[in-house]
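Notes follow once the structure below has been shown.
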Amino acid sequence: FSISSDAEFEREALMLFRYQAEHCAPYAEYIRLLGVEPRDVSRVEDIPMLPIELFKSHKVYCGEAEPQMIFTSSATTGMVQSRHYVGDLALYERSFTEGFNHFYGDVRECSIYALLPSYLEREGSSLVYMAERLIAASAGGGFYLNDYEKLLHDMSRDDNPKILLGVTYALLDLAENYAPKLENTVVMETGGMKGRRKELPKSELHKILCSAFGVERIHSEYGMAELLSQAYSFGEGVFRTPKWMNVLVRDVNNPFARLGAGRRGGLDIIDLANR
């Protein structure tokens, strides 16, 4: 978590790649089938990225002890969930805490209100785990399943800077049914509609939420069950990552062809917290 330069990130990423290429059986088999020799990989851009589908079909893990937690992805009916075996939860907690503090300041100085019904209704959510620990460390807040009136009542009595972290469809429900004007509050959406409502373009969604909540912009949190770090957008549609997380763009038709900045493609994510 003390990465200070691109060169340092590359050094750590290559070291971790070679370790996982030797000790993580599904990854070792994957790069063998690709015909890649780990010692010949000398740049971050050349590290073979594990397809997300393999988190659904294989146990992607190389810890020496039994995993402390298994996080699972959201899935609509009939879909197979990804499973992320986490060997050290302290690593995840340090990652999301330091990431949050970097982008939003000391978590102890704000209140976090979580409106995450679809995540609370299932087990294995890494987002709920993160929110629980951030709320516990914060100055106030809590979880609110579907009780919008209690949420608004509690927020109105809280003088701390506030973050309202909500799954997209729940924030839209709150906006349409109450349209509360929120003061001293960052509204942060995550997770999409989860099959509960029709998907909307981000620009249209954010316009609706800004108007209803009386805020200038809507922030966004980007995370996945398969990652142990988060990216954040401050409302302009550009996500920022902590220094131990890197995003590369690939051609959608050729996963081994890298694309430059400003191009549209698939995303390859290196998260050094996934040790």
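The values are calculated or read from the model by the stated rules, or taken from the named source; none is laboratory data. Remember, it's a predicted structure, so these values are computed and weren't measured experimentally. FYI the Cβ positions are ideal-geometry reconstructions off the backbone, even for glycines, and counts take in every protein chain you see. To get the accessible areas, we keep the full protein, side chains included, count just its heavy atoms, and leave off ligands, DNA and RNA. Shrake-Rupley method; radii C 1.70, N 1.55, O 1.52, S 1.80 Å.
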Checklist outcome for this item: Taking the stretch 197-222 and keeping only residues that are open to solvent by 40 Å² or more (accessible area, probe 1.4 Å) and either assigned to a helix (DSSP H, G or I) or within 28 Å of residue 86 (Cβ to Cβ) (or both), one is left with 202, 203, 204, 207, 208, 211, 222
Checklist entry - For the subset of the stretch 232-249 comprising residues that are open to solvent by less than 30 Å² (accessible area, probe 1.4 Å) and over 14 Å from residue 261 (Cβ atoms), which member is farthest from the chain's Cα centre (by Cα)? => result 235
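Each row is one residue, and each column tells you yes or no for (1) surrounded by 15 or more Cβ atoms within 10 Å (Cβ to Cβ); (2) out of contact with any Gly (no Cβ under 8 Å at 6 or more places or on another chain).
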residue	(1), (2)
142	yes, yes
146	no, yes
159	no, yes
168	yes, no
Checklist entry - What residue, among those in the stretch 98-149 that are of a type in the set (S, T, N, Q) and assigned to a helix (DSSP H, G or I), is farthest from residue 180 (Cα to Cα)? => result 126
Next on the checklist: Pull out all pairs, ordered by first then second residue, where Cβ-Cβ is under 7 Å, the residues are six or more apart or on different chains, the first lies in the stretch 237-248 and is closer than 16 Å to residue 266 by Cα, and the second is open to solvent by 50 Å² or more (accessible area, probe 1.4 Å) and not in a loop (DSSP other than H, G, I, E, B).
Outcome noted: 239/222; 247/267; 248/45; 248/258
Item to check | Given (1) of a type outside the set (Phe, Trp, Tyr); (2) farther than 27 Å from residue 148 by Cβ; (3) free of Cβ contacts under 8 Å to residues at least 60 places away in the same chain, number of the condition residue 112 does not satisfy | outcome: (2)
Checklist entry - Is there a residue in the stretch 255-271 that is open to solvent by 70 Å² or more (accessible area, probe 1.4 Å), closer than 28 Å to residue 61 by Cβ and over 14 Å from the mean Cα position of the chain (by Cα)? => result yes
Next on the checklist: Can you say whether residue 83 is of a type in the set (Lys, Arg) and crowded, with 19+ Cβ neighbours inside 10 Å, as far as the supplied structure shows?
Outcome noted: yes
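A quick yes/no check of all residues on (1) of a type in the set (A, V, I, L, M, F, W, C); (2) surrounded by 18 or more Cβ atoms within 10 Å (Cβ to Cβ); (3) at pLDDT below 95:
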position	(1), (2), (3)
47	yes, yes, no
52	yes, no, yes
55	yes, yes, no
60	yes, yes, no
67	no, no, no
101	no, no, no
108	no, no, no
Checklist outcome for this item: Out of (1) open to solvent by less than 90 Å² (accessible area, probe 1.4 Å); (2) over 19 Å from residue 95 (Cβ atoms); (3) outside any loop (DSSP other than H, G, I, E, B), the one residue 17 does not meet is (2)
Checklist entry - Checking residue 252 against (1) closer than 22 Å to residue 21 by Cβ; (2) at pLDDT below 95; (3) open to solvent by 40 Å² or more (accessible area, probe 1.4 Å); (4) not basic (Lys, Arg), which test does it fail? => result (1)
Checklist entry - Out of the stretch 151-183, which residues are farther than 20 Å from residue 234 by Cα, part of a loop (DSSP other than H, G, I, E, B) and in contact (Cβ under 8 Å) with a residue 40 or more places away in the chain? => result 158
Item to check | the stretch 1-14 - residue that is open to solvent by 70 Å² or more (accessible area, probe 1.4 Å) and in a helix (DSSP H, G or I) and, of those, nearest to residue 70 (Cα to Cα) | outcome: 11
Checklist outcome for this item: Scanning the stretch 20-49 for residues that are within 19 Å of residue 259 (Cβ to Cβ) and not in a helix (DSSP H, G or I) gives 43, 47, 48, 49
Item to check | Selection within the stretch 118-138 - open to solvent by less than 50 Å² (accessible area, probe 1.4 Å) and either among the acidic types (Asp, Glu) or over 17 Å from the mean Cα position of the chain (by Cα) (or both) | outcome: 137, 138
Next on the checklist: Let me spell it out: the conditions are (1) open to solvent by less than 50 Å² (accessible area, probe 1.4 Å); (2) modelled with pLDDT of 95 or more, and residue 150 meets all of them except one. Which number is the exception?
Outcome noted: (1)
